[in-house]
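Trainee: The structure follows.
Read-outs throughout are calculated quantities, based only on the coordinates presented, and are distinct from any laboratory measurement. Nothing here was measured: the structure is a model prediction, and the numbers come from that model. As a convention, Cβ positions derive from the backbone with ideal geometry for all residues, glycine included, and neighbour counts pool all protein chains shown.
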Amino acid sequence: MYWLAGHIKRNPQLRWHLPDRIFFGRGACHILAGTYLKTAPLPGFHAEMIQPAAGFSGSHIFVTDGHIAFDFHGYSIRDRLLVQHWRGWRARYPDWHGTVTSVTFDLLDTRALNTRKFLGPAQYYGNVKTRAGAYLTKIDHIANYTRAAQLN
């Protein structure tokens, strides 16, 4: 898990200049997931959201085929991604808890995102959809999916 200092979190330009993994791991995971679904490097994936309980931060959106998940870390076993997320937030906030739900809204639609307190694509300092697409092209999806599946 990455924790951003407040001055970075509040400054769109400073956030934009973070390394990709940190940028997509701390505030733009929904854009990465939406771009993944739009470009579909592998078929059969859908988006899920970790939604923290009222009063807590820590939402996260990733894509999954039900067994393997993809987010800013790359491909992993879905259940391991969830355990890691819970462990990270509970290390900081011992009472942290939440639920996992299917995403039923467009992850690249500003209105749908703003309703859920996420930034829309045009609300970032730079072209976040292009950045997400470039990030996805750097990955050998088949090899990394296969490697993750073998870890089960």
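Trainee: Would you work out which of Tyr135, Ile77, Phe56 lies farthest towards the positive end of the dipole of the stretch 6-150? Charges go on Cβ: Lys and Arg +1, Asp and Glu -1.
Mentor: Phe56
Trainee: Among Ala122, His46, Gly98, flag the residue with its Cα farthest along the positive direction of the charge dipole of the chain, charges on Cβ as +1 for Lys/Arg and -1 for Asp/Glu.
Mentor: Ranked along the dipole, the leading option is Ala122.
Trainee: If you don't mind, another one. To the nearest 20 debye, what charge dipole does the chain have about its Cα centre, counting +1 at the Cβ of each Lys and Arg and -1 at the Cβ of each Asp and Glu?
Mentor: 480
Trainee: Here's another thing I want to ask about it. Using the Cα centre as the reference, give the magnitude of the dipole from point charges on the C-beta atoms of the stretch 62-152 (Lys, Arg: +1; Asp, Glu: -1; all else neutral), rounded to the nearest 20 debye. Could you put the intermediate results ahead of the total?
Mentor: Values: 12 positive and 7 negative charges, 54 e Å.
That gives the stretch 62-152 a dipole magnitude of about 260 debye.
Trainee: Can you tally the net charge around Gly34? Count Lys and Arg as +1, Asp and Glu as -1, for every other residue whose Cβ sits under 11 Å from the Cβ of Gly34. Show your work: numbers first, answer last.
Mentor: Numbers: positive: Lys38, Lys129; negative: Asp106, Asp109.
Result for the neighbourhood of Gly34: 0.
Trainee: Gaussian network model of the chain, Cα springs within a sub-10 Å range: biggest mean-square fluctuation belongs to which of Tyr93, Tyr135, Tyr75?
Mentor: Most flexible of the set in this elastic network: Tyr93.
Trainee: Given the DSSP H assignment, sum -39500 (n - 2.57) over each helix run of at least 4 residues in the chain and divide by its residue total; what's the result at 222 nm in deg cm²/dmol, nearest 500?
Mentor: Numbers: 8 runs with 67 residues, N = 152.
Helix-only estimate at 222 nm: -12000 deg cm²/dmol.
Trainee: Taking the radius of gyration and the Kirkwood hydrodynamic radius from Cα positions alone, what is the Rg/Rh ratio for the chain, to two decimal places?
Mentor: Computed over Cα atoms, the ratio is 0.94.
Trainee: Given the options Phe72, Phe118, Phe56, which has the most mean-square fluctuation in a GNM of the chain, springs set between C-alpha atoms less than 10 angstrom apart?
Mentor: Residue with maximal mean-square fluctuation among Phe72, Phe118, Phe56: Phe56.
Trainee: Would you list Ile50, Ile142 from fewest to most Cβ contacts within 10 Å? Kindly include the intermediate steps, with their values, before the conclusion.
Mentor: Values: Ile50 19, Ile142 11.
Least crowded to most crowded, the residues run Ile142, Ile50.
Trainee: Answer rounded, prolate or oblate for the stretch 21-100, using the Cα gyration tensor with square roots of eigenvalues a ≥ b ≥ c: rounded when a/c is under 1.5, else prolate when a/b is larger than b/c, else oblate.
Mentor: Prolate is the answer for the stretch 21-100, as a/c is 1.5 or above and a/b outweighs b/c.
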